[in-house]
Amino acid sequence: MFLATSSKPGRLLRLDYIGRIRPEELARGAEDTKTLLAELPRGFRLLADFSQLEAMDLACMAEIGRMMELLDQSGVGLIVRVFPDPSKDIGFNIVGIFHYPNNPRVITCQTMTEAGKALAI
């Protein structure tokens, strides 16, 4: 399951990756994400939570790349990723080099507590 939520006052977009993720889930979720991004100002912060991820199909990387480009075009200023299990990170830093031309700051955390501190929330 892929969930996208936002806090307009907090200038925060949250993306949750839960269970086994397939490309078609990410494609459907991209529409929700676009709607939420329209409400956020440039310089917004992103919290990407992978703490409940079981597995992600490698075919998802094309959708992840498109999502990164959408986030970059929308002006993401800070990206905080939560990866309790680093083995489930299927190359986000490498893919980000190609899809984040504006080079937003990226922080990877192992816990939501660390992420909260990085986001100052």
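What follows is calculated from the coordinates using simple rules that are stated; it is not laboratory data. Treat the numbers as computed from the prediction; the structure is a model and nothing was measured. In this analysis, Cβ positions are derived from the backbone assuming ideal geometry, glycine residues included, and neighbour counts consider all displayed protein chains.
Assorted remarks:
- Contacts under 6 angstrom Cβ, first residue in region 98-109 being over 13 Å from R81 (Cα atoms), partner part of a helix (DSSP H, G or I), 6 or more apart: H99/G65; H99/M68; H99/E69; Y100/M68; Y100/D72; N102/D72
- For region 23-59, residues that are assigned to a helix (DSSP H, G or I) and free of Cβ contacts under 8 Å to residues at least 24 places away in the same chain total 3.
- Counting only residues that are of a type in the set (G, A, S) and either under 17 Å from V106 (Cβ atoms) or crowded, with 20+ Cβ neighbours inside 10 Å (or both), region 29-50 holds 3 of them.
- Hits in region 98-121 (condition: part of a helix (DSSP H, G or I) and under 17 Å from M67 (Cβ atoms)): F98, H99
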